[in-house]
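Before any comments, here is the structure.
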Amino acid sequence: MYRIIQRINGNAIYQTSSGSNISGVLFSRNSNSFYVGTETYLLRLFPHIRCYPRNYYNNNSNSTFTLTQDFKGNIWSGSYQGALTVSDGNKILFTKNLPYKWLAQGLNLDKYMMIPTETDKGVLLFNTNGSFKKIADSVSTFYMYKSRSNRLFMGTASQGLWHIAVEDLLHNSKNWKKITQKHGLKQNSVISIAEDRFGNIWTGNGTSIAVYQPKTDNCKTWFKDDKKNAHFGARSILADSDKNLWFGGVDGGLYYYNADSANDLSPYNLSAISHPLLHYGTPITFLHQWEEYLLIGAQDKILLFDLKTWKTNHKVSIKYLNPMELNLK
């Protein structure tokens, strides 16, 4: 086994059990990577990417669905196999083994962490030491969102959209209100939620998009196979730091929402962003803002959409992470 040491801070950035001897190491500032010559091959190492291979009981990191960060910066990761681990990025603080399969979202709420479970076993609210209580029962959720009016919106797997005041959630978790077909929401399953600049709540799934207006308690739904309103389903929706709304099409494509008022609700206010990397057939399942970039999960690529360039002159500038750096789906 050998280790390569980064002299800047003395930390090992790579180790392997290979028997090949190292003949030379070079660091490139341009690519922020190390080039390592051995007896048999040339290695390129990326010190800005870290792997956590033994996250659950020092055994594995398999089936990690939940991955989120609390107010202290600690990372909460939940496995579909049942383990829930909290780490500070360097060491594991604690691991819990509970009779739940953790789903692919968690949400930091003040000093608490909410983690959803599979098979209608509800949502658990954890504090920082790992103790918890159930805040929603007999339901599974794929996405949770805290609105600017301090309400928690929860997209369920089969029971539409739920919401509750955050204060009630912490003290009386029975006051959930349900938005269903009688309000105009024709989505039983809701897997994405975001709020536009007017306070409207937008939702999406694989077949449709919808918008709920809290002031009127009404909702509109548009299906992608409706030829009059031909549009898309959205598994990801995001409001950026300027409250611009972005939609990731389930069949591909990135869309930008542009309306003049809260009641200007039409699928024709959604404009497609044209770029070769945003082509039909490549679903966008993840949207997140990092500094001045919109991070886009497009099947086997993580794309970086330059928000600053877009805001300045509406020019589309997109690049993607080198597949050698991060090859995942």
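The values are calculated or read from the model by the stated rules, or taken from the named source; none is laboratory data. For clarity, every value in this text was computed on a predicted model and none was experimentally measured. Reconstructed Cβ throughout: ideal geometry from the backbone, glycine too, with neighbour counts over all protein chains shown. Note: areas computed on protein heavy atoms with side chains; ligands, DNA, RNA excluded. Shrake-Rupley method; radii C 1.70, N 1.55, O 1.52, S 1.80 Å.
Can you name the residue in the stretch 101-110 that is at pLDDT 90 or above and open to solvent by 40 Å² or more (accessible area, probe 1.4 Å) and is also nearest to residue 142 (Cα to Cα) among such residues? Out of the qualifying residues, it is 101. Residues that are farther than 16 Å from residue 58 by Cα and either in contact with a Lys or Arg (Cβ under 7 Å, 6 or more places away or on another chain) or touching a residue at least 60 places away in the same chain (Cβ under 8 Å) (or both) within the stretch 70-84 comprise 71, 80, listed in sequence order.
For first residues located in the stretch 18-34 and at positive phi and modelled with pLDDT under 85, partners that are open to solvent by 30 Å² or more (accessible area, probe 1.4 Å) and of a type outside the set (Phe, Trp, Tyr) and lie 6+ apart or on another chain with Cβ distances below 8 Å form the pairs 32/47; 32/48.
Determine which single condition residue 89 fails, assuming it passes every other condition in (1) open to solvent by less than 20 Å² (accessible area, probe 1.4 Å); (2) at negative phi. Among (1) open to solvent by less than 20 Å² (accessible area, probe 1.4 Å); (2) at negative phi, the lone unmet condition for residue 89 is (2). Out of all the residues in the stretch 147-166, is one or more closer than 21 Å to residue 71 by Cβ, touching a Pro at 6+ places or on another chain (Cβ under 9 Å), open to solvent by 30 Å² or more (accessible area, probe 1.4 Å) and at pLDDT 90 or above? Looking for residues that are closer than 21 Å to residue 71 by Cβ, touching a Pro at 6+ places or on another chain (Cβ under 9 Å), open to solvent by 30 Å² or more (accessible area, probe 1.4 Å) and at pLDDT 90 or above, one finds at least one in the stretch 147-166, hence yes.
Quick one: how many residues across the stretch 242-261 are surrounded by 15 or more Cβ atoms within 10 Å (Cβ to Cβ) and more than 21 Å from the chain's Cα centre (by Cα)?
Result for the stretch 242-261: 1.
Here 149, 138, 87, 131 are screened, and the one residue that is among the polar types (S, T, N, Q), in contact with a Ser or Thr (Cβ under 9 Å, 6 or more places away or on another chain) and either under 26 Å from residue 239 (Cα atoms) or without any contact (Cβ under 8 Å) to a residue 40 or more places away in the chain (or both) is 87. Among the residues of the stretch 265-324, those that are over 17 Å from the mean Cα position of the chain (by Cα), assigned to a strand (DSSP E or B) and free of Cβ contacts under 8 Å to residues at least 24 places away in the same chain comprise 271, 272, 306, 319. Residues in the stretch 143-167 that are in a loop (DSSP other than H, G, I, E, B) and either in contact with a Phe, Trp or Tyr (Cβ under 9 Å, 6 or more places away or on another chain) or over 14 Å from residue 195 (Cβ atoms) (or both): 147, 157, 158, 159, 160.
When the stretch 184-241 is filtered for residues that are under 22 Å from the mean Cα position of the chain (by Cα), of a type in the set (Ser, Thr, Tyr), open to solvent by 20 Å² or more (accessible area, probe 1.4 Å) and over 19 Å from residue 148 (Cβ atoms), the ones remaining, listed by number, are 189, 207. Considered as a group, the residues in the stretch 64-86 that are surrounded by 15 or more Cβ atoms within 10 Å (Cβ to Cβ) and either among the aromatic types (Phe, Trp, Tyr) or touching a helix residue (DSSP H, G or I) at 6+ places or on another chain (Cβ under 7 Å) (or both) include one that is farthest from residue 144 (Cα to Cα), and that residue is 80.
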